[in-house]
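Q: The structure follows.
Since every read-out is calculated from the coordinates, none of them should be taken as a lab result. Everything numeric here is computed off the predicted structure, so don't read it as measured data. Using ideal geometry, Cβ is built from the backbone for each residue, glycine included, and neighbour counts are taken over all protein chains shown.
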Amino acid sequence: MQLTIAFLGATVKIADVVKVVIRAIYDQVMNCVKFDLHCLDPPCLTSGMLDSYQLHNYSTKMNFWKTVEEIARKYNNIELFKSKFGLFRLVFHHTIEEVYRVDGTSVYVDMLDCDIVKCSTTPRSHALRIYLEGVYGDRVILRINVVTLAKMAIYENPYFKDCLENFAQNPFQQQSVFTLMQCVLVILYRHKSIFDLLFVKRPKDVSEIIKRSPLVKKYVGVPEQWPT
């Protein structure tokens, strides 16, 4: 499936930025899988990737990164899920830094992958990373890059690629979010130790997970009847 995003003019809306970021995460994940890279802490998005998403002129790119910074400032540490022993939140990290791209590809990686593949370096570039953090009390007990996490999910369950692709294509559709959550639940079912940390009892269906996610409830709402 070819994923496309259209932009009109130099004005960039928050919804447009969210679409690009989700699309970029998908592209980064699939490149990590395709080239069998470590991708332990790659950026979700860099300045060099924007042309791929129809962001060509300088003013539009600058407006894009200003909107990214606005999102990072307003929604950083937003609560994703309340678990049995704490909560999970999304952390947005927007910087200007040196970035690394695998030669002959459009995939941006961390330095570790450049030890095994040839990379080109851009000394200064905008870069966005998003992390899933697990918090217990005042302590951060887990922090993982969302690109790394999605890559691991695909290795665990190859069908997760289709769920992620559908979500990247339709990020604001309730059904695509619902399907993605179902795929996540399938993976969690396979790991009892992780499952027991998250839930007091086994959820009957994905609706019980979504009801415990303030972000997802606000994002898509909770329908009276869930699709089957």
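Q: Compute the long axis of helix 174-189 from its Cα atoms, compare it with the longest principal axis of the Cα atoms of the chain, and write down the angle in degrees, 0 to 90, nearest 10.
A: With both axes taken from Cα atoms, the answer is about 70 degrees.
Q: How long are the three semi-axes of the equivalent ellipsoid for segment 27-116, computed from the Cα gyration tensor as the root of 5 times each eigenvalue, in whole Å, largest first?
A: Here the semi-axes work out to 25, 21, 11 Å.
Q: Which value in nm describes the separation of the simple spin-label points at THR122 and ASP205, placed 7 Å from the Cα toward the beta carbon?
A: With each label point 7 Å from Cα toward Cβ, the separation is 4.4 nm.
Q: Right, next: Give the Kirkwood hydrodynamic radius (Å, one decimal) of the chain, defined as one over the mean of 1/r across all pairs of different Cα atoms.
A: Values: mean 1/r = 0.0539 Å⁻¹.
When all Cα pairs of the chain are included, the Kirkwood radius is 18.6 Å.
Q: Okay, moving on. For segment 14-220, build the charge dipole from Cβ charges (+1 Lys, Arg; -1 Asp, Glu) around the Cα centre, then report which of VAL20, LEU50, GLY104 sits farthest towards its positive end.
A: The Cα lying farthest towards the positive end belongs to VAL20.
Q: Quick check for me: using +1 on Lys/Arg Cβ and -1 on Asp/Glu Cβ, what's the dipole size of segment 1-158 about its Cα centre, in debye to the nearest 20?
A: It comes to approximately 500 debye.
Q: In nm², what is the average projected area of the convex hull enclosing the Cα atoms of segment 102-178?
A: Reported value for the Cα convex hull: 8.2 nm².
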